[in-house]
Structure formats: C-alpha cells, structure tokens
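Report on one structure; see the data block that follows.
Read the figures in this text as sums done on the coordinates, not as results from a lab. Quick caveat: nothing in here was measured; it's all calculated off a predicted structure. With ideal geometry, Cβ positions are generated from the backbone for all residues, glycine too; neighbour counts draw on all protein chains shown.
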C-alpha cells in the first residue's frame with residue numbers, strides 16, 4: 001500500500017507540475033512512460049542501488065543524450081534502438097548510475113515518433129530531466145514522511161579504533177569481507193544490493209541465529225544497577241576522584257531527572273590535560289584538576305566542558321547481542337542503559353559482556369543422566 005500510494009502520488013504530481021511548467025507544448029510527452037518504471041524503484045524498493053538519486057538523474061540524462069544522438073545519426077530504427085540501449089547501459093555502468101528505466105528512455109528518444117524527434121536535444125531537458133527531478137523530489141518527501149530513509153545510506157564500515165593494520169574484532173571471525181569478495185567474484189553477476197548492505201544483513205542474521213540458539217539476554221539481566229554518575233556542573237576534581245576511587249573508566253553525565261546528556265571517561269581527562277610526554281602526565285593532570293581562582297578562565301572547570309555529548313546508549317529490554325559491535329569494533333568500554341522514559345537505570349561494561357559470553361558459550365553443557373539398556377540375561 002505504501003509503494004502503490006507513493007507511485008500514484010509521485011506520478012500525478014510529476015505530470016501536473018510538468019504541465020504547469022511547460023504548458024501543452026509537449027502533448028503526450030509531458031510524462032514519459034519510463035517514469036512508470038522509475039516509480040516502481042523509487043517507491044517500492046527505495047533501498048536498491050538502482051533507485052538512488054544519482055541513478056535516476058545520471059541514468060536518464062546519459063540515456064536520453066545517447067538516444068537522441070543515435071536517433072539523429074542512424075537511420076534504421078531497429079539498429080538505432082539496439083545501439084542506443086547498448087551504449088546507454090555501457091555509459092551507466094561506467095558512470096555508476098545504472099537505472100533500468102533509463103534503457104526505456106534511450107528507446108523513447110529513438111522510437112518515440114515525429115513529435116519526440118522534432119524536439120531534438122530539448123527532449124533531454126524537457127521532459128526527461130524535469131520528470132526525473134520531480135519524481136525524485138516526491139520520492140525524497142514521501143519515503144521519509146512514511147518512515148523510510150531515502151536516499152539509502154549503506155551501513156558504514158567501522159574504523160579501527162587503534163589505527164593499526166588489524167581488522168576490527170568482528171571482522172576477524174565468521175564471514176569476513178575477503179570471504180564476501182571471493183564469493184561475489186565467483187558469482188559474477190550484478191546484485192541489486194550494495195556490498196556493505198549485504199555484509200550488514202549477514203551480520204544481523206548471525207546475531208539472530210545466536211539469539212535463537214542461546215536465547216535472548218536483555219541488558220537488564222546483566223547490567224550494573226548501582227550506577228555512579230555526575231552532573232554537568234560537577235567539578236573535574238570531584239569526577240576524577242570518583243573514577244579513581246571506584247576504579248571506573250567512565251561516568252554518565254545526567255540531569256536532575258537522571259536523563260543522560262553525555263559521558264566522561266579517563267581518556268577525556270588525559271586528552272584535555274594535554275601532557276607533553278609520559279613524564280609530564282602527573283603535572284598536566286594536576287593542572288587540569290586544580291580550580292582556577294580567577295572568575296574567567298579558558299581552562300575546563302566542570303565535567304560538562306570535557307564530556308562527550310554523542311553518547312551511545314541502550315535500553316534495558318534490548319538484547320545484549322546488539323551491543324557487541326559497539327563494544328568490539330567501535331571500542332566502547334561502557335554503555336549507559338535507559339528505561340522506557342530514557343532515564344539512567346544501569347551501566348553495561350565490557351566485563352559484563354565477557355561474563356555473559358562465558359555463561360552462554362564456555363561453560364560445559366549439563367551432564368545427561370546415563371541411560372541403562374536392558375540386555376538378555378537380566379543384566380544391564
């Protein structure tokens with residue numbers, strides 16, 4: 001229903017606006033037939049690489065240019081149609097804007113009849129590009145308004161947090177990018193999905209299989225509930241003493257209502273202390289923690305001035321397996337856990353994750369009772 005309504009909305013609006021812009025000069029060409037095929041991609045499968053903005057704009061542009069040029073140079077209609085379609089596909093592959101309906105655009109330029117031929121290269125701008133931009137604009141609005149992100153952004157790859165040559169931890173196990181590349185090379189076909197999305201789907205499938213095998217463990221089952229936190233105005237010295245005395249690596253920064261607004265870690269203190277070398281760390285840290293007597297100072301004085309505002313959080317009923325990529329590849333050591341009202345109720349650390357994995361994977365399976373089998377002669 002969403003795709004059907006979107007196509008209706010997009011095609012009608014595109015036709016009406018094109019008519020208002022150009023009047024009756026184009027006749028039936030105010031809305032060319034390939035836009036129907038484009039609407040299938042933009043509204044039914046907007047995550048497809050073939051349905052992205054550059055695909056429809058670039059594909060229709062190059063196909064219409066090739067179609068008009070071939071139509072002018074080649075007199076035989078069938079040969080011209082074949083050349084236009086083949087060259088359009090080649091150009092779209094080369095420009096990375098493959099869009100199947102653009103093949104129909106190339107044929108329309110060749111076989112559209114006297115009205116289209118009379119337009120010449122004006123056909124590229126109106127109606128092809130006008131139709132393409134209008135349909136794309138409606139797809140941008142409609143897909144996002146109905147809860148689907150468009151244009152589709154492929155799942156970003158996780159950067160190695162330590163700037164070394166090693167791959168992130170999750171890529172060293174299971175299906176690796178090299179495995180995927182080798183399989184795709186043997187497959188030797190163009191798939192209607194990006195490599196990054198395919199890898200993300202496989203990873204999500206592995207997580208689902210893990211939950212099916214071992215059951216769902218929620219964050220509330222393993223998180224620490226007696227959470228130490230600080231407020232925006234907590235002094236740096238007080239926050240550092242809490243971290244040091246309780247042997248913590250991070251403290252959530254919360255409001256009076258226990259809503260998380262940031263997180264401060266030992267690394268934040270060290271980064272803002274800016275020691276010149278290892279021997280100067282103690283002095284630099286003391287200088288950072290010591291309050292300045294002057295009213296105005298550029299030196300950070302409270303936690304809110306050095307905290308990380310882009311804090312990653314989880315919900316208490318969320319499966320812990322969802323947090324594995326954050327803990328492993330993204331390198332997070334602690335994740336605040338929130339309730340349904342987004343208030344802080346717990347803290348999940350790497351130690352909690354290790355304990356969970358041990359409980360579910362490393363413990364020996366329970367011993368089954370021995371089964372006695374009766375044998376002839378009365379002995380078992």
> Most exposed first by the Cβ proxy, i.e. fewest other Cβ within 10 Å, how do 221, 226 rank?
Replying inline: 226, 221
> Any idea how far the Cα center of the range 41-67 sits from the one of the range 210-246, in Å?
Replying inline: 47
>> For a protection proxy built on the mean count of beta-carbon atoms within 10 angstrom, sort 98-109, 184-195 highest first, please.
In response: 98-109, 184-195
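Which ordering of 19, 244 is given by a fewest-first count of other beta-carbon atoms within 10 Å?
Values: 19 14, 244 10.
With the sparsest Cβ surroundings first, the list reads 244, 19.
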> Most exposed first by the Cβ proxy, i.e. fewest other Cβ within 10 Å, how do 93, 123, 315 rank?
Replying inline: 93, 315, 123
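According to the square roots a ≥ b ≥ c of the eigenvalues of the Cα gyration tensor, what is the shape class of the range 1-130, taking rounded for a/c under 1.5, prolate for a/b larger than b/c otherwise, and oblate for the remainder?
Numbers: a/c = 2.19, a/b = 1.21, b/c = 1.80.
Oblate, since a/c reaches 1.5 and b/c is not below a/b.
Can you pull the percent of Cα pairs in the range 221-362 with separation above 23 Å?
Numbers: 3912 of 10011 pairs.
So the portion of pairs separated by more than 23 Å is 39 percent.
So, by mean Cβ neighbours within 10 angstrom, what's the order for 336-349, 199-212 with the highest one leading?
On the way: 336-349: 18.5, 199-212: 13.7.
Top to bottom by mean Cβ count within 10 Å: 336-349, 199-212.
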